[in-house]
Amino acid sequence: MRTKRARTALPLAFARERNETRIRAADPVTRMLTFVGLGLYDESSVTVEGRDAIAAADRAFAEFYTSHLVGADVSDLEAYHDTDIEVRDRAGVEQHPERILDAAEAGDAVFLTAGDTMISTTHVDLRLRAHERGIETRVIHAPTAESAASSLTGLQNYRFGKATTLPFEWAHGADVVPDSVIATLEDNRERGLHTLCYLDIKVGRGPEGEDPDFEEYMSADYAAGLLAEAWDPDALGVVVARAGSPDPVVRADRLDRLADESFGAPLHMLVVPGDLHHVEADALAGLAGAPDDLLPE
């Protein structure tokens, strides 16, 4: 009768080393930079996929100079996601991204922004730099101001032309609306297209330079006043305030009339419609209170 051969016990140190080798082979270090859009309003605006990516990451970075979650601050985000978040300024992302890339090279890092990380931002540059260092990337999308402008106003998204940003006067060193803004409005009007005007956001930098306590958000009434004075006071404008929040506001009227109204807390956008389809006209009347005399018959 055959007998079982006694199993020789491996020395403890060798067994531990072999086990660690197996673990490393089965679970190699992730070299990943994931771009996660946080959505439009507060900590709960993120998608489930985005939240899972943040939970799985070793490090989390964020920037809020391109847009901002007005319904949540960094501490709210950290509490919601149970993780520390390092906020980077523009220079720390665009000029000196090494800290982000080093973290992604050593493990799994996420980069967070309001809205979608790749819409109306320059973050494709950060993604390309990661690829140059052999770091994998992925993008987890989220609602954006652009999609909200169409959804809330009833204006059809494929009828929007080039968007523009209306800056504070002190931010571009002049007391007038930049020529580029007027040119965009005129070009879209000529083609019958709608214009989405993003309104300036200044966080951490004011008229006197760097200021960590400085926050200023251009309001839609202020923006309407600028365009009414510099361009066309009789043009139809549509205000979208606090998109993504429980209490968004959508209001349509002439620019000079919108300039005299108040639309509450930020963030605001301003849309200047082009030629209106009859369904769009009905939407502006029913959803935004547009006066009949400003709509096509």
* Among the residues of segment 261-297, count how many are of a type in the set (Asp, Glu), in a loop (DSSP other than H, G, I, E, B) and at pLDDT 95 or above. => 2
* **Search result, residues across segment 146-160 that are within 24 Å of GLU190 (Cα to Cα), assigned to a helix (DSSP H, G or I) and in contact with a strand residue (DSSP E or B) (Cβ under 8 Å, 6 or more places away or on another chain)** => GLU146, ALA149, SER150, THR153, ARG159
* Any hit, segment 234-252, residues being touching a Ser or Thr at 6+ places or on another chain (Cβ under 7 Å), more than 23 Å from PHE168 (Cα to Cα), of a type outside the set (S, T, N, Q) and touching a residue at least 60 places away in the same chain (Cβ under 8 Å) -> yes
* Asked: Given the structure, is THR47 surrounded by fewer than 20 Cβ atoms within 10 Å (Cβ to Cβ) and modelled with pLDDT of 60 or more?
  -> yes
* To do: Pull up segment 195-223, narrow it to residues that are modelled with pLDDT of 95 or more and over 23 Å from THR121 (Cβ atoms), then point me to the one that is surrounded by the fewest Cβ atoms within 10 Å (Cβ to Cβ).
  => TYR222
* Asked: Do we find that ALA130 is of a type outside the set (Lys, Arg), in contact (Cβ under 8 Å) with a residue 60 or more places away in the chain and either farther than 30 Å from GLU105 by Cα or in contact with a Pro (Cβ under 9 Å, 6 or more places away or on another chain) (or both) in this structure?
  -> yes
* Structure fact -> The number of residues in segment 217-261 that are of a type in the set (Gly, Ala, Ser) and on the phi > 0 side of the Ramachandran plot is 1
* Asked: In segment 127-145, how many residues are over 30 Å from PRO248 (Cα atoms) and touching a strand residue (DSSP E or B) at 6+ places or on another chain (Cβ under 7 Å)?
  -> 7
* **Exclusive hit being outside the structural domain of ALA62 (by TED's automatic domain parsing), touching an Asp or Glu at 6+ places or on another chain (Cβ under 8 Å) and surrounded by fewer than 18 Cβ atoms within 10 Å (Cβ to Cβ), set GLY154, GLY173, GLY192** => GLY192
* Considering LEU276, LEU267, LEU287, which residue is farther than 19 Å from CYS197 by Cα, surrounded by 14 or more Cβ atoms within 10 Å (Cβ to Cβ), in contact (Cβ under 8 Å) with a residue 12 or more places away in the chain and in contact with a strand residue (DSSP E or B) (Cβ under 9 Å, 6 or more places away or on another chain)? -> LEU287
* Mind checking which residues of segment 172-215 are on the phi < 0 side of the Ramachandran plot, outside any helix (DSSP H, G or I) and out of contact with any helix residue (DSSP H, G or I) (no Cβ under 9 Å at 6 or more places or on another chain)? -> ALA174, ILE201, VAL203, GLU208, GLU210, ASP211, PRO212, ASP213, PHE214, GLU215
* What are the residue pairs meeting all of these: first residue in segment 70-86, first residue in the same structural domain as LEU38 (by TED's automatic domain parsing), second residue surrounded by 18 or more Cβ atoms within 10 Å (Cβ to Cβ) and in a helix (DSSP H, G or I), Cβ atoms under 7 Å, and 6 or more apart or on different chains? -> ALA72/GLU43; ASP76/GLU43; LEU77/GLU43; TYR80/GLU43; HIS81/ILE54; THR83/ILE54; ILE85/LEU77
* Any chance you could count how many residues in segment 221-240 are within 21 Å of TYR65 (Cβ to Cβ) and touching a Lys or Arg at 6+ places or on another chain (Cβ under 8 Å)? => 0
* Qualifying residue in segment 111-119 (condition: among the hydroxyl-bearing types (Ser, Thr, Tyr), crowded, with 20+ Cβ neighbours inside 10 Å and closer than 29 Å to VAL48 by Cβ) -> yes
* Asked: Residues in segment 158-171: is at least one in contact with a Lys or Arg (Cβ under 8 Å, 6 or more places away or on another chain), over 23 Å from PRO296 (Cα atoms), in contact (Cβ under 8 Å) with a residue 12 or more places away in the chain and not acidic (Asp, Glu)?
  -> yes
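The values are calculated or read from the model by the stated rules, or taken from the named source; none is laboratory data. Computed from a predicted structure; not experimentally measured. Heads up, the Cβs are rebuilt from the backbone with ideal geometry, glycines too, and the neighbour counts pull from every protein chain shown.
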